[in-house]
Amino acid sequence: MISALVLVAAAQPDSLAFVSRFYKQGTASSKLELYLSALDGTKRRQLRMEQDPVRVAWLGKDRLAVQTQVGVYVGSVKAWKPQLIEATAYYELSNAQDRITAPGTLQLSKYEDGEGAVLNPKTMQLQPVDFSKTPKFLDWKDDKYTTTEPDGKPLVLESGKQIKVGGMDAADKREFLFRRGWHSTSGVKRLFLLATKAEQQTNGDLKSMLILEAKKKPKVLFGHVIDFDFWESRSTFAYCTKEVETKLNSRRSSTVTTNELHIGDWIKGTDRKVFSGPVRTISAAIRP
């Protein structure tokens, strides 16, 4: 019965928003488009845009916010007629490594200095971030973050420096440079560490999420991805893998930029690819 319920939930339409380019065979053109689908990738439908979409996020449970080159558009998924929000003229949707607000709260960053704001869903005006509703991040002092691991061992972290914790898989040679971290508020002794690595990719630095838990080996939930949607109180998460060059077909030497969109459940330990075939996804957001 539980398995059946899980399958039904995964197949609910309009549960996942994403910006993808589905390449076509031959000389047919393709471009990045906005889509909605079930979490398992079925029931996919395209939402038309006047401007090319760059990033997507949810505003509440029934509206989408879409970053374009001219600003942020907002529209209802039930009757898709997106409107450009004038208040966002000098802002962009915050990327994955900078987002700190809960799903459904639309966080933005100012182009000039990165100053954060949220969009009021009623007035459609910008207002300051309410930090009382964000995770309590590790305290900073003297250029370092001093905390304890879930098993009680002291841990010192520094922004932009390699994360060094005991028990990491020796075979994993990837670079995990500390960005921010927070302890779980669920009652379980668990520490989340967001890491980055500078590399030329669509959405800036590559992002990684590490989870430390008492009496367990450190876990890389996802490593070196270009975008993700993760919130501690929700077990389901999504991420877009690093971009690579791929041949569109074996008969041609030209390549296209591709990657994978994944959906997982970090509590159950599941992780699976949503699509197959030549496709590039640069942004994804799970419906709150």
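Read the figures in this text as sums done on the coordinates, not as results from a lab. Given the structure is predicted, the values throughout are model-derived calculations rather than measurements. Cβ: placed from backbone, ideal geometry, glycine included. Neighbour counts: every protein chain shown.
Using all C-alpha to C-alpha distances in segment 98-243, build P(r) with 10 Å bins and read off the rounded percent in each one.
For segment 98-243, the pair-distance distribution reads 10, 36, 38, 13, 2, 0.
Where does the chain land at 222 nm, in deg cm²/dmol rounded to the nearest 500, when only DSSP H runs of n ≥ 4 count, each adding -39500 (n - 2.57), divided by all residues?
That comes out to -1000 deg cm²/dmol.
Hey, which lysines would be in cross-link range of LYS153, C-alpha to C-alpha under 23 Å, not counting anything within fewer than 8 residues on its own chain?
LYS153 reaches LYS136, LYS141, LYS144, LYS161, LYS164, LYS189, LYS215, LYS216, LYS217, LYS219.
Between GLU213 and ARG174, what is the FRET efficiency for a Förster distance of 22 Å, r being their Cβ-Cβ separation, to the nearest 0.05?
Given R0 = 22 Å and the Cβ-Cβ separation, E is 0.65.
Explain nothing, just the number: dipole magnitude of segment 1-116 about its Cα centre with +1 on each Lys and Arg Cβ and -1 on each Asp and Glu Cβ, in debye rounded to the nearest 20.
Rounded to the nearest 20 debye, it is 600 debye.
Please list, or write none, the aspartates and glutamates whose alpha carbon is within less than 20 Å of the alpha carbon of LYS197, excluding same-chain residues fewer than 8 places away.
Output for LYS197: ASP98, ASP143, GLU158, ASP169, ASP172, GLU175, ASP205, ASP227, ASP229, GLU243, GLU245, GLU260.
Which option, [x] 23.3; [y] 16.3; [z] 17.6, is the value of mean projected area of the Cα convex hull in nm² that was calculated from these coordinates?
Step by step, mean projected area of the Cα convex hull in nm² for this structure corresponds to label [z].
Given points 7 Å out from each Cα along the Cα-Cβ axis, report the VAL188 to SER254 separation in nanometres with one decimal.
Rounded to a tenth, the inter-label distance reads 4.8 nm.
First measure r as the distance between the Cβ atoms of VAL156 and THR27, then evaluate 1/(1 + (r/R0)^6) with R0 = 51 Å and state the FRET efficiency to the nearest 0.05.
0.35
State the volume of the convex hull built on the alpha-carbon positions of segment 228-288, expressed per residue in Å³ and rounded to an integer.
78
Give the whole-number value, in cubic angstrom per residue, of the convex hull volume spanned by the C-alpha atoms of segment 1-115.
So the per-residue hull volume is 143 Å³.
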